[in-house]
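Handing you this structure, nothing more for now.
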Amino acid sequence: MSEKESIVQSPSAEKKYEEELTFLSALPGNRPTGWALAPQQIVSFICGSEGEKLKRPNKSDVDAPRTLEITEKFVGNRALVERCVITLMGERGLMLVGEPGTAKSMLSELLSAAISGSSEMTVQGTAGTDESHLRYGWNYSALIAKGPHAEALIPSPILLAMRGGKIGRVEEITRCLPEIQDALVSILSERRLSVPELNTTEYAKPGFNLIGTANLRDKGVSEMSAALKRRFNFEHVLPISDFDQELSLVKSRTNTVLPKDLAKNVDLAVLETLVTLFRDLRNGVTNEGWAVEKPEAVMSTAEVVQVVAAVVRNHEHFPKKSAMDHVPGYLKGVVIKDDQSDLDRLLAYWDSTVKRRAENEPLWADLFAARNELTT
Ligand SMILES: Nc1ncnc2c1ncn2[C@@H]1O[C@H](COP(=O)(O)OP(=O)(O)OP(=O)(O)O)[C@@H](O)[C@H]1O
Ligand SMILES: [Mg+2]
């Protein structure tokens, strides 16, 4: 395979962070049966080593550097990540719930990559998900030719996770119909799956568990059956609360999203302005304590990164007087999805907060001058 063919847009976490995972596997610690890393190393992998270079023992014969700083991947509460790891050691699954764009999927992928060395045993929940996606299906031509036999069975990613003692993931679980979701009840409580057609039972190996993610905007969490809810420990993932943490995440994500030559042109003041703007609209109040009417739309960190990247690209290819001139156009795309009254809220924000800041701050003055772009 040529180098170009082997490059993908978004490699899995276990590929992307292969060196860190190999390095962490050489550090001491008690690993639960079936796990690739000890709990402390999993938390270090996800939350980073806080600027410290970790050192691995001399005698370990892994192909990794002797010392390595572990990058911070999930920005947020370390205790939450610890609880996630502890939950996955127990008999319940882990359910990550929260607003869109709060890194639930990212956290679930990082946890499974660190625990199992693989994050690919994943089912994407949709209204069309059926039992075969969570249990097993059949290769019908093999079934017709020879009747039910083991080779005709097509295991779901969850069954593969059970067989391999790995973490299975169900993304957007609440988008599946409740009666389909309930296929997971017996898998989680009995840790086995019966296959009546073959008169056999598949048993989960040690290390198997499930991570579900659910988006609170989908409003489906309340419709999950009580039986299934009881088989998961719920963790709420919140938007990043600290300004500096969010700014530094947006900076580093922008660096990875944009090509190097563009990323180096990103002005920190532009980033600060956009992070401030998104936080005002998300929180409904500014740093100065001024009230802001919150739009219905999702104003997550992921959206900030998208807008920053689009503004920088646009300014590079079709420059205007100020980079800020491009902001209203992209902001409209984020804020005004299906609720036109969100445009009024945005205009009200412009006429209050943006206008007030424009008196003293040049970038906010540029933003205010571009107000027309919101209505055209
Ligand atoms: N706390 C955070 N730490 C690190 N990255 C974050 C954080 N919050 C948001 N992000 C960024 O946002 C991106 C989107 O996250 P992700 O897709 O995992 O969100 P999600 O919660 O699963 O959203 P959805 O509910 O829409 O599926 C991440 O890839 C990351 O770049
Ligand atoms: Mg997600």
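Only one residue in ILE158, ILE180, ILE173 is within 16 Å of ligand 2 (Cβ to nearest atom) and either under 11 Å from LEU134 (Cβ atoms) or without any contact (Cβ under 8 Å) to a residue 12 or more places away in the chain (or both), so which one is that?
Working: ILE158 fails: within 16 Å of ligand 2 (Cβ to nearest atom); ILE180 fails: within 16 Å of ligand 2 (Cβ to nearest atom).
After ruling out the rest, the residue left standing is ILE173.
So in the range 81-118, with the set limited to residues that are touching a strand residue (DSSP E or B) at 6+ places or on another chain (Cβ under 7 Å) and more than 16 Å from ligand 2 (Cβ to nearest atom), which one is nearest to GLY165 (Cα to Cα)?
Here is the first cut: in the range 81-118, the ones touching a strand residue (DSSP E or B) at 6+ places or on another chain (Cβ under 7 Å) are 83-84, 87-88, 92-98, 100, 102-105, 107-108, 111-112, 115-116.
With the extra rule that they be more than 16 Å from ligand 2 (Cβ to nearest atom), the set shrinks to 83, 87-88, 92-93, 115-116.
Working: ARG83: 20, THR87: 16, LEU88: 12, ARG92: 15, GLY93: 14, ILE115: 10, SER116: 8 Å.
Of everything passing the filter in the range 81-118, SER116 is nearest to GLY165 (Cα to Cα).
Looking at (1) open to solvent by 30 Å² or more (accessible area, probe 1.4 Å); (2) more than 30 Å from SER118 (Cβ to Cβ); (3) away from ligand 1 (no atom under 14 Å from the Cβ), which is the one condition that is false for THR276?
With (1) open to solvent by 30 Å² or more (accessible area, probe 1.4 Å); (2) more than 30 Å from SER118 (Cβ to Cβ); (3) away from ligand 1 (no atom under 14 Å from the Cβ) applied to THR276, the lone miss is (1).
Please determine, by comparing only the residues of the range 221-262 that are over 22 Å from VAL81 (Cα atoms) and either part of a loop (DSSP other than H, G, I, E, B) or at pLDDT 95 or above (or both), which one is farthest from ligand 1 (Cβ to nearest atom).
Once the filter is applied, the top-ranked residue is SER225.
Still on this structure, I have one more. Any idea which residue in the range 25-42 is farthest from ARG163 (Cα to Cα), counting only those that are part of a helix (DSSP H, G or I) and open to solvent by less than 20 Å² (accessible area, probe 1.4 Å)? Steps first, please.
Filtering the range 25-42 down to residues part of a helix (DSSP H, G or I) leaves 25, 39-42.
Keeping just the survivors that are open to solvent by less than 20 Å² (accessible area, probe 1.4 Å) gives 41-42.
Values: GLN41: 25, ILE42: 22 Å.
Going through the qualifying residues, I end up with GLN41.
Please find, among GLU303, GLU296, the residue that is charged (D, E, K, R), at pLDDT below 95 and open to solvent by 70 Å² or more (accessible area, probe 1.4 Å). Working first, answer last.
On the way: GLU303 fails: open to solvent by 70 Å² or more (accessible area, probe 1.4 Å).
Step by step, each of GLU303, GLU296 is checked, and only GLU296 is charged (D, E, K, R), at pLDDT below 95 and open to solvent by 70 Å² or more (accessible area, probe 1.4 Å).
Moving to a separate point now. Among the listed residues PRO178, PRO206, identify the single one that is surrounded by fewer than 19 Cβ atoms within 10 Å (Cβ to Cβ) and closer than 22 Å to GLY34 by Cβ.
Working: PRO178 fails: closer than 22 Å to GLY34 by Cβ.
It is PRO206.
Another question, if that's okay. Output the residues belonging to the range 237-264 that are open to solvent by 90 Å² or more (accessible area, probe 1.4 Å) and touching a residue at least 24 places away in the same chain (Cβ under 8 Å). Break it down into steps so the answer makes sense when it comes.
Initial filter on the range 237-264 (open to solvent by 90 Å² or more (accessible area, probe 1.4 Å)): 238, 241, 244, 251, 253, 256, 260-261, 264.
Hits for the range 237-264 are LEU238, ARG253.
The values are calculated or read from the model by the stated rules, or taken from the named source; none is laboratory data. Bear in mind the structure is a predicted one, so any value in this text is a computation, not a measurement. Neighbour counts run over all protein chains shown; Cβ positions are idealised from the backbone, glycine included. Heavy atoms of the whole protein, side chains included, go into the accessibility calculation; ligands, DNA and RNA do not. Shrake-Rupley method; radii C 1.70, N 1.55, O 1.52, S 1.80 Å.
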